[in-house]
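Values in this text are rule-based calculations from the coordinates and carry no lab data. Keep in mind that this is a model prediction, so the values were computed, not measured. Here Cβ is always computed from backbone atoms with ideal geometry, including for glycine, and neighbour counts include all displayed protein chains.
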Amino acid sequence: MKLNSKIPSGPLAEKWTNHKFNIKLVNPANKRKYEIIVVGTGLAGASAAASLAELGYNVKAFCFQDSPRRAHSIAAQGGINAAKNYQNDGDSVFRLFYDTIKGGDYRSREGNVYRLAQVSVNIIDQCVAQGVPFAREYGGLLANRSFGGAQVSRTFYARGQTGQQLLLGAYSALSRQVANGKVKLYPRTEMMDVVVVDGKARGIVTRNLITGAIESHSAHAVLLCTGGYGNVFFLSTNAMGSNVTAAWRAHKKGAFFSNPCYTQIHPTCIPVSGDHQSKLTLMSESLRNDGRVWVPKTIEIAEKLRKREIAPRDIKEEDRDYYLETKYPSFGNLVPRDVASRNAKHVCDEGRGVNETGEAVFLDFRDAILRDGEDAVRGKYGNLFDMYQQITGENPYKTPMKIYPAVHYTMGGLWVDYNLMTTVPGLYALGEANFSDHGANRLGASALMQGLADGYFVAPYTVGDYLAGLSYEKVPEEHPEFRKAEDEVKARVKQLLEINGSKTVDHFHKKLGKIMWNHCGMARNAAGLTKAKEMIRALKEEFWSDVKVLGTGEELNLSLEKAHRVADFLELGELMVEDALHRNESCGGHFRDEYQTPEGEALRDDENFAYVAAWEYLGDGKDEALHKEELVFENVKLTQRSYK
Amino acid sequence: MNLTLKVWRQKNASDKGDFKTYKISGISADMSFLEMLDVLNEDLSDKGEDPVHFDHDCREGICGMCSLYINGQPHGPNQTTTCQLHMRSFKDGDTITIEPWRARAFPIVKDLVVDRSAFDRIIQSGGYVSVNTGGVPDANEIPIPKVIADEAFDSATCIACGACVAACKNASAMLFVSAKISQLALLPQGKVEKRGRAEKMVAQMDAEGFGACTNTGACSAECPKEIKQSNIARMNREYFTASVSTEKV
Amino acid sequence: MSWVSKTLNSTLGKKLLMALTGLFLILFLVVHLAGNLQLLLPDDGKAFNIYAETMASNPLIRVVGYLNFGFIALHAVYSAILTRNNKKSRPVGYAVTNASANSTWSSRNMGILGTLILIFILVHLRGFWYEFKFGEIPYVTYDGVTYKDGYTVVSTAYQNILYVIFYVVSMAVLAFHLSHGFASAFQTLGINHSKYTPFIKKLGLGFAIIVPALFALIPIVMFLQNS
């Protein structure tokens, strides 16, 4: 199968405008004859569901949480980028486009990224109109900050809760459509499968998480807005419920999965404190503006620290290694996320980690406090310091913070064309669930932008284009394909409950997480990946023979929910490893030990790997087939990133 | 540390339910309260007993999904969410009583899980600005004084966890409702509809069966996002002004 | 349903009635106290008796007096309705509550405090108001004009130590009720401002201490004078 990305022809800046003109429209009176399913109610899902309902389509919106407002977009802290150039510092749509392509290490599509930069400006207008309380200057106009090493101030923010405020904006728009009767909400409902009839996505099968009822929902199009799969690592900054099930089920029904190995590791998270840990908490990247990253120069001192024989403040200046400042004199502590993360891992691997587990580095505010005073530091980071103290019990004003990288975002996802349609007609993927805009690495404050761009301003056009060519008739929910999918889901529930093994679901999840983190984490190599593949296969086998899922299928059953998700993570994990193994280069969030410059930086191979890897599922136990979508760069020149 | 947990167990909405006592050991001070419950659940699963069901998701204090009435206070002794409550707030040998949110409008689903969809229905009744996607003015078209934007933000930080309802002796939802009414009444974008919004949201709040406010201030004192009492005063103002001024009879 | 009854039947409307009647009763307390303090003047009750007569014969005051009864009734009835509804909002209570961590005792017990005050008011009305109006009451003459001698009724009553204790305790109850009610009424009316609310709260607390204390002073002083 040849992948057709359907990028419109013509100059970059006119592609989207031309495309919008060329796509088919659905007559306003006929829109109500179409039903659209939206799975997930985060930024992408809520905005898409609301916008499609406003146009007149009937929408069913599903989420596993108890309310659409709790989707994990809510936890995004930093901000949202937009090429408004309100600060008069030379920003433009082209610059945002360029930064995103470059930041993604030249592994994303020019056409998609340019459109993203174009609609970014509309997003801010839309959110302000909804009553999103963005930060403002005293003059009453919107404030911006520079974020994630960008050279311009284009990030709009609402204190450290930008994701929350944007999601509540989209949620309010969604709620309005619920009140209008155009959206029907299905909270505490998990999508278990996509139903494909005559090659087109025609609905989904769901499990009501309270009653356990397996139900079919027929529609004309299905939009998956189900987020990323970072929880394959068990420990990540994702929510406990974040999962890959919807995307993975779609994959098994014919949707190709792209670049699964591209995972973003965020450098400033609170380190793991013990085996009991269930999730990792991100500390805003802005801390690196004033905090200095260091570890002791010698292993001996680090060991004393770990045994608590000395306190961090006792370590003399000449015994401290400010490794980022030394290695990257011009960017210093502000190097991009992947560089900062890898260097932290490197010094900890050398045995210079500073906490009991040996996996932490210091982020020290001593000098900032001496320079600006404690009050100034409190003014900037007070809430973050409080949060840190609450979680760790240590006072960062008195002793340096400890941080360590953690899985944060996944750039890979379902393959989609320019219309955000997967390889299954009528099945769309929006937001983090698709692969399209961030290449091999996502820039700070771009995830919120992409989710809302897809939901508010792309899908409402492109879904209409598809529906215009479709008859009004719905496939009845009694159709054999729905029945078959329901039976499969029921059989799987039964199977999981009947194994009655000896180990809990979490046991397997933690084991999988360890394998992924050790062998497919911040740095990978062929030997480790090959080993990981075997380990995952063995673990999967063990899971299906020895997992213990208690209770019944006809009630609220958290371990059953989890078992479904972990079963899918086990399959995805294998594909991630496969993808990482095949990509014999380093780029962005994918760093292969074998492919680095003499200075230890990621070494891309544009000649052989400037493509999107799209994997096709061929059946249980079979290796997946690789399809390649060559990336064409007509507007940017591929260069090596350097932060020296 | 070793702890005794008294946990409310209830199979489903129609079950009567009662307290079960569990002993738990090997809890470290660095664990969050929910991680302590994870340990309990692993223990229970190993013994073949149904784990304790409780709501949780982001575990970083922002999604509002976690709840739990711990030793007589929503989200426990600190003014945070339960997921941000750490075991260092307890002592070895403590007995901890864990109950679900109790309110007519929040029926129990199972164990400690309650149904908070009443909050969604209140927002659906008017907690939005009626603008469609597209066709909106430029974001900088309407300057908003920083103090007003900040105040609106303070109200907008509500995470809809329901601690206010749980803490209130009347199971009143006024802090939640007033936070949304305030946010939108303060901003020029929301002012257009502020009268009707106040009337509709209050009517829905009453229809859901929440109690009335007696100004005890328990809601604000327990709110993990420190939503202020002044929001309730503003809601009252908005509502009374709307009642006497709207043309609708 | 008309918009008026719709508004007043909402939880906010019922609270509005509580606040408005409450504030009226607070005003009444001031007027009442001003009159009663005349009992302590060293004139054997002359000022008080003249004042009582003037008040009783002023038609406007009489109307206000009946309004006052109406408002007490309204305040009590609405609080009963609200309490009943509030109880219904939480059909199953908590096994453990640590309410002192988040609110004051009096704010949580306005119903009980109010009920005690209602009992006091009934006893008080029976003892004085009813006696003044309908009871057999001695008369006294000042400057050729005859007045009902309410002063004697009061001072006789306050010779009973139990009666004095009942009054003093009731005033303490009133103090707690006011310590929450005063500021709370403003909050319900929608008056909450970072500049004025702290003042209202202080004023409320001061009012709650001073006014009941002065009321309580009267029986104590009169008891001591007579013993």
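In plain terms, the residue of B:ARG9, C:ARG108, A:ARG378 with the fewest other Cβ atoms within 10 Å comes first and the most crowded comes last, giving A:ARG378, B:ARG9, C:ARG108. Can you work out the PRE-style zone for A:ASN383? Point 7 Å along Cα to Cβ, and I want the residues of region A:242-266 with backbone N under 20 Å. The answer is none.
Between Rg and the Kirkwood Rh of region C:48-101, both from Cα atoms, what is the Rg to Rh ratio?
Across region C:48-101, the Cα-based Rg/Rh ratio is 1.37.
Which aspartates and glutamates does A:LYS562 reach when only Cα atoms under 12 Å apart count, and residues fewer than 8 places away in its own chain are ignored? The reachable aspartates and glutamates, counting only those whose Cα sits under 12 Å from A:LYS562, are A:GLU190, A:ASP506. Looking at the protein assembly as shown, the pairs of alpha carbons with a distance over 52 Å make up 28% of the total.
The mean number of partner chain beta-carbon atoms within 10 angstrom of a residue's beta-carbon across peptide C:98-110 is 6. In order along region A:452-463, phi translates into HN-Hα couplings of 6, 4, 4, x, 7, 10, 10, 4, x, 7, 6, 5 Hz, rounded to whole numbers, per the Karplus curve 6.51 cos²θ - 1.76 cosθ + 1.60 with θ = phi - 60° and x for Gly and Pro.
Counting other Cβ atoms within 10 Å as a rough exposure proxy, the listed residues B:SER130, B:SER220 run B:SER130, B:SER220 from fewest neighbours to most.
Working from Cα pairs under 8 Å separated by at least six residues, relative contact order for region A:265-408 is 36 percent. Taking a ≥ b ≥ c as the square roots of the eigenvalues of the alpha-carbon gyration tensor, region A:265-408 is classed rounded because a/c is under 1.5.
Look at the dipole of region A:480-610 built from charges on Cβ: of A:GLN495, A:ILE515, A:GLY588, the Cα furthest out on the positive end belongs to A:GLN495. Measuring nothing but how far apart in sequence close Cα pairs (under 8 Å, 6+ apart) lie, relative to its length, region A:488-613 scores a relative contact order of 30 percent. Listed by chain and number, the lysines whose C-alpha is less than 17 Å from the C-alpha of C:LYS46, apart from same-chain residues fewer than 8 away, are C:LYS148.
A DSSP coil position with no more than 16 other Cβ atoms inside 10 Å describes the following trypsin sites (Lys or Arg not before Pro) in region B:151-249: B:LYS248. Once both labels are positioned 7 Å from their Cα atoms along Cα-to-Cβ, the gap between C:ILE121 and A:GLN151 label points is 7.6 nm.
Take each residue in B:144-151, count the other chain C-beta atoms within 10 Å of its C-beta, and the mean is 5. Ranked by the mean number of other Cβ atoms within 10 Å of their residues, highest first, the peptides A:312-321, A:413-422 come out as A:413-422, A:312-321. Can you work out the Karplus-derived ³J(HN,Hα) for every residue in region A:44-54? Use 6.51 cos²θ - 1.76 cosθ + 1.60 with θ = phi - 60°, whole Hz, and x for glycine or proline. My calculation for region A:44-54 gives 5, x, 5, 5, 5, 4, 5, 5, 5, 5, 4 Hz in order. Set the Förster distance to 22 Å, then compute FRET efficiency between B:THR246 and C:LEU203 from the Cβ-Cβ distance, nearest 0.05. My answer for the efficiency is 0.05.
When you filter the chymotrypsin sites (Phe, Trp or Tyr not before Pro) in region A:465-504 for DSSP loop state and at most 12 other Cβ atoms inside 10 Å of their Cβ, you are left with A:TYR472. The convex hull around the C-alpha trace of region B:117-245, projected and averaged over every direction, spans 8.2 square nanometres. Span-like helix check, chain B: no full DSSP H segment qualifies, none having both a Cα axial length of 18 Å or more and a mean Kyte-Doolittle of 1.0 or more.
Taking amide H as placed 1.01 Å from N in the peptide plane, A:VAL407 has its amide H under 5 Å from the amide H of A:THR237, A:HIS266, each at least 5 places away in sequence or on another chain. If you run the Gaussian network model on chain C, springs between alpha carbon atoms under 10 Å, then out of C:TYR94, C:TYR130, C:TYR142 the most flexible one is C:TYR94.
Long-range amide H contacts for A:ASP321: which residues qualify at under 5 Å (H placed 1.01 Å from N, peptide plane, sequence gap of 5 or more or a different chain)? HN-HN under 5 Å from A:ASP321: A:VAL295, A:LYS297.
Listed here are the pairs B:LYS110/C:LYS88; A:LYS307/A:LYS540; A:LYS24/A:LYS474; B:LYS200/C:LYS201; which of them are more than 27 Å apart at the Cα? From the list (B:LYS110/C:LYS88; A:LYS307/A:LYS540; A:LYS24/A:LYS474; B:LYS200/C:LYS201), the Cα-Cα distance tops 27 Å for A:LYS307/A:LYS540; B:LYS200/C:LYS201. With a threshold of 21 Å on the Cα-Cα distance, the over-threshold entries among A:LYS184/A:LYS484; A:LYS494/A:LYS548; A:LYS510/B:LYS20; A:LYS200/A:LYS628 are A:LYS184/A:LYS484; A:LYS510/B:LYS20; A:LYS200/A:LYS628.
Scanning residues 5 or more positions from A:HIS627 or on other chains, those with amide H under 5 Å from its amide H are A:ALA614, A:TRP615, A:GLU616, with H placed 1.01 Å from N in the peptide plane. What is the diffusion coefficient of region A:123-273 in µm²/s, taking the Kirkwood radius over Cα pairs and the Stokes-Einstein relation at 37 °C with a viscosity of 0.692 mPa s? The calculation lands on 173 µm²/s. In this simple spin-label model, placing a label point 7 Å from the Cα along the Cα-to-Cβ direction at both A:LYS304 and B:ASN78 gives a separation of 3.1 nm. Phi angles of region A:82-91 translate, via the Karplus equation with coefficients 6.51, -1.76, 1.60 and θ = phi - 60°, into HN-Hα couplings of 7, 7, 7, 6, 5, 8, 6, 10, x, 7 Hz per residue; Gly and Pro are given as x. Label sites at A:ILE23 and C:ILE210, each approximated as a point 7 angstrom past Cα along Cα to Cβ, lie 7.1 nm apart.
Please report the relative contact order for chain B, taking Cα pairs under 8 Å with a sequence separation of at least 6, and give it as a percent rounded to a whole number. 19 percent. Among A:TRP16, A:TRP294, a tally of other beta-carbon atoms within 10 Å of each Cβ gives an order, fewest to most, of A:TRP16, A:TRP294.
Peptide B:154-161 shows a mean partner chain C-beta count of 4 within 10 Å per residue C-beta.
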